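Nothing in this text is a laboratory measurement; each read-out follows from the coordinates by a stated rule. All of these numbers come straight from a predicted model, not from anything done at the bench. When we count neighbours, we look across all protein chains shown, and the Cβ atoms used for this are built from the backbone with ideal geometry, even at glycine.
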Amino acid sequence: MNPLLSIILGFGISILLLIQPVAALNDGQQLVLEAWSLVNEGYVKPQKLEDIHWRRLRQRALEKPISTSFQAYAAIDAMVFRLDDPYTRLIRPKDYEALKASNLGSEINGVGLQLGSRDEDNQIVVISPLEGSPAADAGIISGTTLLKVNGESPNDLGLEATAAKLRGEIGSEVLVEIQAPLEDPKEITLERRSVDLRPVRTRRLRNESHTLGYLRITQFSETVPDQVKEALLELSQKDIEGLILDLRNNSGGLVSSGLAVADDFLSKQPIVETRNRQGINEPIPAGIETLYDGPMVTLINKGTASASEILAGALQDNNRSELIGSQTFGKGLIQSLTNLSDGSGLAITVASYLTPSGRDIQNLGIEPNKILELPEPLNPGGTEDRWLQDAMIYMEAKLDRENLESDTSEENLDTKITEQEEGTIK
């Protein structure tokens, strides 16, 4: 054959190939592409995407048969698994609805465990049990490692699938194998029930010498900022001399809600500094107005994480409130939550954050100004809560010291005025 003719024929075949219509993606493939694009555009570490060949992962995922939701979810899970980031994850529609209900501050059906991932060994651990939940009633504490759920390993399941297996119909049971710090593994059967989240709780604490306010925030859901405002106004009307803010077992929630609460206590001071995927730090300051500017002390523990660590770090770094209790969890990453087209959700780590003084607390946590004696009480806010009693003693001593300093300053001022008057008379 004439070589020129071969080239022309080859070129013609190429043109034909180029103008052939590309097969339209089905719904499952579209979902995979949608999730891939969101991670590609938003993930906090672009270099990580390059390291794991993120574009190649998309190609490989779409080459496989995807005709069902199950296959699409499996493909997405396989891609995000390569990020080695348990907080970037796909959330199935049913679990996504439960998560959104939690963020609204209503009720959930399950055992009441808030979970996180421990970076050094990728184990799924308990950040905190929800107050009044089956997990709390069973005495499960912060820092407990979850070894099995109905015989399956959380390490194999991943963070979201593990949480999903703990949720379920009211009255049904789940068998968990757990290991508390410094203890042997044990199995516990938990009965799922409806758990009233009640994220904001408050009351007045009185004794012979002082009147204090107590404000407990168990999570930062959408309704929390308004509830905190109401609580602070109510306590202010009761003439409290000081406030005990309790962030124990608050595993976080909506960062925007945590920032709004920080704004209630700080005036024009920095709350947090976020670092985006371009490595640019963006400081977030408080507004001018505060709802409460009186003396306060804040209780924290290992279950204090994420948005509640942002608040605690801001209060400590601005010398607004001393922190007492134990070291916090150490989650310095921020996730966005996006609706996918089929009703599922995608959580993506989009930023990290620093406290106002520039501390990166990821995997480190925040050290309190004063460490309280262990073992930690299992009933935060209850009548047998030793740490709350310690906080009251601490707050009262602080008030007495400030009153003494104020009285001393007034005496010094009176002395100076007297000396000046005598000097003038002379």
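Model label sites at ASP360 and GLN389, defined 7 Å from Cα along the beta-carbon direction, differ in position by 4.2 nm. Among the listed pairs LYS148/LYS370; LYS100/LYS238; LYS100/LYS186; LYS148/LYS302; LYS238/LYS331, those whose Cα-Cα separation exceeds 29 Å are LYS148/LYS370; LYS100/LYS238; LYS100/LYS186; LYS238/LYS331. Restricting the GluC sites (Glu not before Pro) of the stretch 229-320 to loop positions (DSSP other than H, G, I, E, B) with no more than 10 neighbouring Cβ atoms within 10 Å leaves GLU289. Here Cα extents along the principal axes in Å was calculated from the structure, and among (i) 58, 55, 46; (ii) 70, 59, 58; (iii) 126, 59, 36 it sits at label (iii). Pairs of C-alpha atoms in the stretch 43-123 farther apart than 21 Å represent 46 percent of all such pairs. Taking Cβ atoms as reference points and 14 Å as the exclusive limit, the residues near ALA397 contribute a net charge of -4, counting Lys and Arg as +1 and Asp and Glu as -1.
Between ALA347, ALA231, ALA24, the GNM of the chain built on Cα springs shorter than 10 angstrom shows ALA24 fluctuating the most. Taking other residues whose beta carbon is less than 14 angstrom from the beta carbon of GLU309, and scoring Lys, Arg as +1 and Asp, Glu as -1, yields 0.
Distance from the Cα centroid of the stretch 379-400 to that of the stretch 276-353 is 24 Å (rounded to whole angstrom).
Any idea what the relative contact order of the chain is, in percent, if you count C-alpha pairs under 8 Å spaced at least 6 apart? The normalised contact order for the chain reaches 14 percent. The phi-based Karplus calculation (6.51 cos²θ - 1.76 cosθ + 1.60; θ = phi - 60°) puts the 3J(HN,Hα) values of the stretch 292-306 at 9, 10, x, x, 7, 9, 10, 8, 9, 7, 5, x, 7, 9, 6 Hz, whole numbers, x for Gly and Pro.
Would you look at the GNM of the chain, springs on alpha carbons closer than 10 Å, and say which of LEU130, LEU254, LEU49 moves the most? Between LEU130, LEU254, LEU49, it is LEU49 that shows the largest mean-square fluctuation. Among ILE52, ILE91, ILE288, sorting on how many other beta-carbon atoms sit within 10 Å of each Cβ, with the fewest leading, yields ILE288, ILE52, ILE91.
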